[in-house]
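J.: Below are the structure tokens for one structure; questions will follow.
The values are calculated or read from the model by the stated rules, or taken from the named source; none is laboratory data. Quick caveat, the model's predicted, so the values are computed rather than measured. Here the Cβ positions follow ideal geometry from the backbone for every residue, glycine too, while neighbour counts run over all protein chains shown. Accessible surface is based on the protein model in full, side chains and every heavy atom, while ligands, DNA and RNA are left aside. Shrake-Rupley method; radii C 1.70, N 1.55, O 1.52, S 1.80 Å.
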Amino acid sequence: MKIKVTEKSYDEVLSLKKEKHKKPRKPDIFFRTLLKLVSIPDLLSTHFHCNKVGMEAVGKGEPCLIIMNHSSFIDLEIVSSVLYPRPFNIVATTDAFIGKEKLMRLIGCIPTTKFVSDPTLVRDIIYAIKKLKSSVVIFPEAGYSFDGTATVIPDTIAKLVKMLGVPVVSIHTDGAFSRDPLYNNLQKRRVEVSATERLLISPSDIERMSAEEINEALKREFTFDAFAWQQKHRIKIDEPTRADGLNRVLYKCPHCLTEGKMVGLGTELYCRTCGKKYTLDEYGYLCADDGEGKFRHIPDWYAWERECVRAELESGSYRLDVPVDICMTVDTKQVYHVGEGRLIHTAEGFKLVGCDGKLDYEQKPLASYTICSDFNWYEIGDVIAIGTHERLYYCFPKAGGDIVAKTRLAAEELYKMVAEERECRATGENVIQKLKQLSEKKIRQKT
């Protein structure tokens, strides 16, 4: 899927008139039926089926907060089928509205900006549930998983659950990631997809549970591993392109420690520096072609990369400084290409400069618990997006090498480190001692 990109100067984009906020609208039965019908071909091709658990306790017309794991585009088709004919609004990113805002609102979508504080979104969700009597679907992870495991879920979800007081229903999918992983260049595989719809938290549960208990329940529901699921159920994926783009996720060689020189092509993943080669077999295992491999499980490799990034941050050696093409979104009309610049990321946060010296934006580590990173964003390229609710900057690295996944890992780990340091200061604890204790705890958990 492509998106409309228009050339404009940075000054021209800043002068564009700000769009007025629009309240959500409840989709009528025509559009709910239309969504279900257009979803049929993909769902039939995957032999989709859904199991329902405890849903008899939820009234057919009772508004709910529906949370769903986010793996690929088929998620939208699944939710349209599973919930039919229940009316629902769905929280979607603002870029999905570009060039088709009217249609998106007619089918009940509520716009928001990924990983950016958006108080209007909470008001819109309350309005949809309380006034429109419509359920609301949210993807707590917001971004697609890179390695098939759960991404970060903000603790603020529990506050929203408490505020709404309506049933919380989860829709958990199996097979959606395996069918169309983000790194694989939109090459769909022949994989069956299923879902489980369950009543996760009832209104009475919400009254007695603390916010911490609600967060724990949500995190348990969002603990998964698509590759482990594939291996457990012996799901055979024999497409000859199954490792295409895998280097976007596994960007660091565990043998020579070189970054940005991995190549995922066909069924193979190899390092251009030391030549070490792996084959991704039909059941999702990595098999070293010669000698012993460092990793057999893709999420283990990705977790190791996270540990490496954390070590760089703790030692002070982490730094990203790359030339980028810069696009902006300030409305739902189009994406604006405003020029070139440099994206810098250090322990101090992000700094984006460019557009002939007119753009100078800084974003501190605590601005967000993660960032919007994507592979082949609308078929333009791999992207790192930062910014505010009013202005988003989409940065497309021009230097080569795979840096998008590492930057997301660094932003997440930096957020945790700064938050931990702030908590230590607030409680009077020694920062270094606290970090040491956390590190020792992780080691004990692994052993």
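J.: Within segment 228-257, count every residue that is in a loop (DSSP other than H, G, I, E, B) and within 26 Å of the chain's Cα centre (by Cα).
T.: Qualifying residue count for the region: 15.
J.: Cβ-Cβ under 9 Å, sequence separation 6+ or interchain: first residue in segment 1-25 and closer than 23 Å to Val137 by Cβ, partner among the hydroxyl-bearing types (Ser, Thr, Tyr) and outside any loop (DSSP other than H, G, I, E, B). Which pairs?
T.: If the second residue must be among the hydroxyl-bearing types (Ser, Thr, Tyr) and outside any loop (DSSP other than H, G, I, E, B), the pairs left are His21/Thr120; Lys23/Tyr127; Pro24/Tyr127.
J.: Here is a follow-up. Condition first: of a type in the set (Phe, Trp, Tyr) and either within 21 Å of Gly59 (Cα to Cα) or open to solvent by 20 Å² or more (accessible area, probe 1.4 Å) (or both). Now tell me which residues in segment 133-161 satisfy that.
T.: Applying the first criterion (of a type in the set (Phe, Trp, Tyr)) to segment 133-161 yields 139, 144, 146.
Selection gives Phe139, Tyr144.
Let's see how each residue does on (1) open to solvent by less than 10 Å² (accessible area, probe 1.4 Å); (2) basic (Lys, Arg):
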| site | (1), (2) |
| --- | --- |
| Tyr369 | no, no |
| Tyr378 | no, no |
| Glu390 | no, no |
| Tyr394 | yes, no |
| Lys398 | no, yes |
| Gly401 | no, no |
| Leu409 | yes, no |
| Glu413 | yes, no |
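J.: Next up: Among the numbered criteria (1) assigned to a loop (DSSP other than H, G, I, E, B); (2) charged (D, E, K, R); (3) farther than 21 Å from Trp377 by Cβ, which one does Lys162 miss?
T.: Every condition holds for Lys162 apart from (1).
J.: Does segment 317-334 include one or more residues that are assigned to a loop (DSSP other than H, G, I, E, B), open to solvent by 20 Å² or more (accessible area, probe 1.4 Å), at negative phi and at pLDDT 95 or above?
T.: Within segment 317-334, one or more residues are assigned to a loop (DSSP other than H, G, I, E, B), open to solvent by 20 Å² or more (accessible area, probe 1.4 Å), at negative phi and at pLDDT 95 or above.
J.: Within segment 192-211, can you find the residues that are within 20 Å of Pro41 (Cβ to Cβ) and open to solvent by less than 10 Å² (accessible area, probe 1.4 Å)?
T.: Val193, Ala195
J.: If you don't mind, another one. All but one of (1) in a strand (DSSP E or B); (2) surrounded by fewer than 19 Cβ atoms within 10 Å (Cβ to Cβ) hold for Asp300, so report the exception by its number.
T.: (1)
J.: Also, quick follow-up: If you go through segment 217-226 one residue at a time, do you hit one that is touching a helix residue (DSSP H, G or I) at 6+ places or on another chain (Cβ under 7 Å), touching a residue at least 40 places away in the same chain (Cβ under 8 Å) and of a type in the set (S, T, N, Q)?
T.: No, there is no match, as no residue in segment 217-226 is touching a helix residue (DSSP H, G or I) at 6+ places or on another chain (Cβ under 7 Å), touching a residue at least 40 places away in the same chain (Cβ under 8 Å) and of a type in the set (S, T, N, Q).
J.: Scanning segment 111-126 for residues that are in a helix (DSSP H, G or I) and surrounded by 18 or more Cβ atoms within 10 Å (Cβ to Cβ), which turns out nearest to the chain's Cα centre (by Cα)?
T.: Filtering segment 111-126 for residues that are in a helix (DSSP H, G or I) and surrounded by 18 or more Cβ atoms within 10 Å (Cβ to Cβ), the one nearest to the chain's Cα centre (by Cα) comes out as Leu121.
J.: To continue, here is another question. In the set Leu435, Leu409, Leu414, Leu392, which member is at pLDDT below 90 and either hydrophobic (A, V, I, L, M, F, W, C) or within 15 Å of Thr370 (Cα to Cα) (or both)?
T.: The conditions single out Leu435.
J.: Only one of these conditions is not met by Tyr127: (1) more than 28 Å from Ala411 (Cα to Cα); (2) free of Cβ contacts under 8 Å to residues at least 40 places away in the same chain. Which number is it?
T.: (2)
J.: Given (1) touching a strand residue (DSSP E or B) at 6+ places or on another chain (Cβ under 9 Å); (2) surrounded by fewer than 18 Cβ atoms within 10 Å (Cβ to Cβ), where does Asp225 come up short, assuming only one miss?
T.: (2)
J.: Continuing with the same structure: Going by the conditions given, is Lys252 modelled with pLDDT of 95 or more and open to solvent by less than 30 Å² (accessible area, probe 1.4 Å)?
T.: Working: modelled with pLDDT of 95 or more: yes; open to solvent by less than 30 Å² (accessible area, probe 1.4 Å): yes.
So Lys252 passes the test.
J.: A follow-up question, please. Write out, first by first residue and then by second, each pair whose Cβ atoms fall under 7 Å of each other, whose residues are 6+ apart or on separate chains, and whose first residue, in segment 280-300, is of a type in the set (Val, Ile, Thr) and at pLDDT 95 or above while the second is outside any loop (DSSP other than H, G, I, E, B) and surrounded by 16 or more Cβ atoms within 10 Å (Cβ to Cβ).
T.: Qualifying pairs under 7 Å: Ile298/Phe227; Ile298/Leu286.
J.: Condition check: among the polar types (S, T, N, Q), in a strand (DSSP E or B), within 17 Å of the chain's Cα centre (by Cα) and under 30 Å from Ala57 (Cα atoms). Does Thr196 satisfy that? Talk me through it step by step, then tell me what you get.
T.: Details: among the polar types (S, T, N, Q): yes; in a strand (DSSP E or B): yes; within 17 Å of the chain's Cα centre (by Cα): no; under 30 Å from Ala57 (Cα atoms): yes.
No.
J.: Residue check: is Arg310 free of Cβ contacts under 8 Å to residues at least 40 places away in the same chain and not in a loop (DSSP other than H, G, I, E, B)?
T.: Considered against the rule, which asks whether it is free of Cβ contacts under 8 Å to residues at least 40 places away in the same chain and not in a loop (DSSP other than H, G, I, E, B), Arg310 comes out as no.
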